[in-house]
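Structure first, commentary second.
Laboratory data are not the source of any read-out in this text; all were calculated from the coordinates shown. All of these numbers come straight from a predicted model, not from anything done at the bench. Because the Cβ atoms are built from the backbone with ideal geometry, glycine has one as well, and the counts that use them run over all protein chains shown.
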There are 2 protein chains.
Amino acid sequence: MSETSTATPESLTQTLTGSGLRATPQRELVFNILFEKRDHPTADEVFTRAKAEMPTISLATVYNCLETLVQCRVVRAVNFERGPTRYCPNQRPHAHFHDEQTGSTHDIDLPPGLLDHVKTILPTGYEANSVEIIFRGKTQS
Amino acid sequence: MSETSTATPESLTQTLTGSGLRATPQRELVFNILFEKRDHPTADEVFTRAKAEMPTISLATVYNCLETLVQCRVVRAVNFERGPTRYCPNQRPHAHFHDEQTGSTHDIDLPPGLLDHVKTILPTGYEANSVEIIFRGKTQS
DNA sequence: CTTGCTCATTAGAATCATTCTTATTTGATA
DNA sequence: TATCAAATAAGAATGATTCTAATGAGCAAG
């Protein structure tokens, strides 16, 4: 039974209301889209998928929902390279591997303690509250 | 005598010509600007500094020069958060610390072996040719 | 040298992602 | 059910970057 810190569609409502926010259909839809297919879509891709389910949703709302979910820490915004921001449901601490051939991004689970180990390289006076690790390369498939 | 892999204004010419490119005044100026003040400026900031020295230089040329220098691996493009790309002269392997209060970015030297250690978390079949580490937090100053 | 050719630069237009603005809608609360 | 704040929608506006087309510069062959 693996313990994850990933929000689920079920726990989303309480996360939102717990932050004084409303659990709207749009927010739930956007989260579900990220939750169902973990392929780090851009806002625009989320928008396309959302429209299939809710044709009246607007791109601005998708941006708003994503921003809200990031604030609530149930979704993570990821930026490597210039280019649109990509989003993933937060789950356990993980690094990202960016396959330069396919352009796709894979999550890499982090062994416990690695982030703390990495933080030890910081000089005195530097207090990190997050560490992001990005690999670039290719995968044999 | 510290051994670095940092290009210098002197070595730039041969790096460029070695790649079949010309060492133009614009390219040299852009590189010198990055080399002199290592504060991770944006293309627009480089442009402003460049104009002080060479009033006729254009923003497009600054973008072109930066891209060329990145291709030659004498300059590194850095992207965290959405927002403009920032540039630093390549020097030794280092991580970036992004101070969330001031918005400034500091280089963190990496102890030898750290990158290799971090790479060991990759599953079989993943071949990383680069690892980027980004800290976010605050500094006591 | 000087003609020709390729690489670079310039200026401005175009594009893309994102944010902003304003009006409308929704939903919880009194 | 009336009220009021929060959320959504649509499109305009912004900002960073890239593209396009024209001009300029430097080297190589004659």
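Here are some notes:
- Rounded to the nearest whole Hz, the Karplus-based 3J(HN,Hα) values (6.51 cos²θ - 1.76 cosθ + 1.60, θ = phi - 60°) of region B:96-106 follow the sequence 10, 10, 9, 6, 6, 7, 8, x, 7, 10, 10, with x at glycine and proline.
- Per-selection Kirkwood Rh - chain B (Cα, Å, 1 d.p.): 16.6
- Inter-part distance, region A:31-106 to region B:25-62, computed on C-alpha centroids, equals 35 Å.
- Cβ-vector label at 7 Å, residue B:13, separations to other copies in nm: 7.2
- For region A:54-121, the list of trypsin sites (Lys or Arg not before Pro) that fall in a loop by DSSP and count at most 13 other C-beta atoms within 10 angstrom reads A:73, A:82.
- Helix-only [θ]222 nm of chain A, DSSP H runs n ≥ 4, -39500 (n - 2.57) each, per residue, nearest 500: -11000 deg cm²/dmol
- Of the beta bridges in region A:94-137, as assigned by DSSP with both residues counted there, near 55 percent are antiparallel.
- The local environment of residue A:32, defined by Cβ-Cβ distances under 13 Å, has a net charge of 0 under the rule Lys, Arg +1 and Asp, Glu -1.
- Too-long pairs where the Cα-Cα distance tops 32 Å, listed order kept, from B:37/B:138; A:51/B:119; A:138/B:51: A:51/B:119; A:138/B:51
- Long-range amide H partners of residue B:81 with built H, under 5 Å: A:79
- With its label point put 7 Å out from Cα toward Cβ, residue B:59 sits 2.1 nm from the same residue's point in the other copies, in order from shortest.
- Distances in nm from residue B:116 to the matching label points in the other copies, shortest first (labels 7 Å along Cα to Cβ): 2.5
- Fluctuation leader among B:110, B:122, B:21 - chain B, Gaussian network, Cα springs under 10 angstrom: B:122
- Springs join every pair of Cα atoms under 10 Å in this Gaussian network model of chain A, and among A:89, A:123, A:41 the largest mean-square fluctuation is at A:123.
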